[in-house]
Amino acid sequence: MLSSSNTFRITELGCSIGPNTFSVMQHIVEALKEKYKNNIPEFQIFFNDHVTNDFNTLFRSLPIDRSYYAFGVPGSFHGRLFPSPSIHFAHCSSAMHWLSKIPKELLDKKSPSWNKGLIHYIGASNIEVMNAYVAQFEKDMEMFFNARAEEIVPGGMMVLISPQLSEHLLKFFGSSLVDLVNEGKFEESLVNSFNVPVYFPSIEDMTKVVEKNDCLA
Ligand SMILES: C[S@@+](CC[C@H](N)C(=O)[O-])C[C@H]1O[C@@H](n2cnc3c(N)ncnc32)[C@H](O)[C@@H]1O
């Protein structure tokens, strides 16, 4: 799997600014050193996040005693980030649930998916709202997998970790906004036009998107 340069390339997709990202990367590097103990490679770690991420803080917080070369890679992981094929291990934790955008039907008064008075599919009695989120999640994951399929070397590995649904938090946040509307503090149209762009996939959702994608066969 490693090229003659004996460099092992890891990417952390949706790294934010630390510190979680550093402890995860350290564990991965330690495990790989153990695996390749007879010929320990050099490690390159590519920290990826949106261009708006605070990469300065990330770089300033890099562990001093790290045993890898660190790089920043700005851009959305829903598209290509690396040459093909160059990555040996891709890791993404608590980031995949962010959708690339809000499905536009949620904002369309004429659509059955119009999410009036709510900010998420949590609490929506209308199944069309949930379906719109699922459809966007499936499109995003298809782009994610297609990009990684080009970038990851044959025999490489990908680990994706998705958080559990923060149902209560979203419900409280939504109902607080509705309270503010009822108190006349702001317009109802603002709540109607705001939807949190996160979808928390179930195991079945993830199985479906993986099985559907030919690149992962
Ligand atoms: C909750 S933080 C998780 C940070 C870190 N992985 C951890 O486990 O602590 C989610 C991060 O994913 C990033 N993110 C969300 N969508 C992304 C995308 N399409 N491309 C790159 N980064 C993304 C966000 O900007 C944010 O920094």
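The values are calculated or read from the model by the stated rules, or taken from the named source; none is laboratory data. Just so you know, these numbers come straight off a predicted model, no measurement behind them. All Cβ positions, glycine included, derive from the backbone under ideal geometry; neighbour counts span all protein chains shown. Just so you know, the surface numbers come from the protein's heavy atoms only, side chains and all, with ligands and any DNA or RNA stripped out. Shrake-Rupley method; radii C 1.70, N 1.55, O 1.52, S 1.80 Å.
Just a few scattered comments:
- In a simple Cβ point-charge model (Lys, Arg +1; Asp, Glu -1; nothing else charged), the range 1-119 has a dipole of about 400 debye relative to its Cα centre.
- In order through the range 99-114: 3J(HN,Hα) via Karplus (6.51 cos²θ - 1.76 cosθ + 1.60), integer Hz, x for Gly, Pro: 6, 5, 6, 7, x, 5, 4, 5, 9, 9, 4, 8, 8, x, 8, 4
- Adding -39500 (n - 2.57) for every DSSP H run of four residues or longer, then dividing by how many residues the chain holds, sets the calculated 222 nm ellipticity at -11500 deg cm²/dmol.
- Span-like helix ranges in the chain, DSSP H, alpha carbon extent 20 angstrom or more, Kyte mean at least -1.0: 20-35, 127-151, 167-182
- Taking the range 74-173 and dividing mean pair separation by its residue count, relative contact order in percent (alpha carbons under 8 Å, at least six apart): 48 percent
- Length added when fully stretched, VAL73-VAL24, from 0.36 nm per residue minus Cα-Cα: 15.9 nm
- Ordering GLY184, ALA217, PHE194 by the projection of their Cα atoms onto the charge dipole of the range 158-217, which places +1 on the Cβ of Lys and Arg and -1 on the Cβ of Asp and Glu, puts ALA217 at the extreme positive end.
- Less than 5 angstrom separates the built amide H of VAL73 from those of PHE47, ASN48, ASP49, all sequence-distant by 5 or more or on a different chain.
- Accessible surface of the chain, 1.4 Å probe, proportion on carbon and sulfur as whole %: 57 percent
- Divided by 2.2 N^0.38 Å, where N counts the residues, the Cα radius of gyration of the chain comes to 1.19.
- The three principal axes of the C-alpha atoms in the range 32-154 carry coordinate ranges of 62, 34, 24 Å, sorted with the longest axis first.
- Signed unit charges on C-beta, dipole axis of the chain, positive-most listed residue LEU160, SER84, ALA95: SER84
- Non-local lysine pairs in the chain, meaning eight or more places apart or on different chains, with alpha-carbon distances under 15 Å, amount to 6.
- About its Cα centre, the chain has a charge dipole of approximately 300 debye under the convention of +1 per Lys or Arg Cβ and -1 per Asp or Glu Cβ, with nothing else charged.
- DSSP beta bridge pairing in the chain, given as percent antiparallel to the nearest 5: 5 percent
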